[in-house]
């Protein structure tokens, strides 16, 4: 996780919410933080992240074990990850879409085959 992204949210909050910030983007003129979560529908956690960062949150689904490993690596980096080495396996298909009626982002999830 790049230091400028990591600096946006305290590690203790990321651990409590089981969330990993992935990227900072500008979506339709609004500062947006893309965050990996095992439950991207957890609205209280999304609201807490939005309040803590002052940014719009775009949650994406990720495996809980991968989130734990990524948070452990941030807390106690044993080594720098190799270039291209994934820390998380994102379980989403397609881009997040804004749902104006619900006032949140929706990420279409992959279906098991």
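The values are calculated or read from the model by the stated rules, or taken from the named source; none is laboratory data. All figures in this text were calculated on a predicted structure; none of them were measured in a lab. In this analysis, Cβ positions are derived from the backbone assuming ideal geometry, glycine residues included, and neighbour counts consider all displayed protein chains.
Working carefully through the options 61, 45, 36, 52, find the one that is out of contact with any strand residue (DSSP E or B) (no Cβ under 9 Å at 6 or more places or on another chain), surrounded by 16 or more Cβ atoms within 10 Å (Cβ to Cβ) and either modelled with pLDDT of 90 or more or not in a helix (DSSP H, G or I) (or both).
Selected residue: 52, the only one of 61, 45, 36, 52 that is out of contact with any strand residue (DSSP E or B) (no Cβ under 9 Å at 6 or more places or on another chain), surrounded by 16 or more Cβ atoms within 10 Å (Cβ to Cβ) and either modelled with pLDDT of 90 or more or not in a helix (DSSP H, G or I) (or both).
What is the number of the single condition among (1) at pLDDT below 90; (2) more than 22 Å from residue 84 (Cα to Cα); (3) surrounded by fewer than 18 Cβ atoms within 10 Å (Cβ to Cβ); (4) under 13 Å from the mean Cα position of the chain (by Cα) that residue 12 does not meet?
(4)
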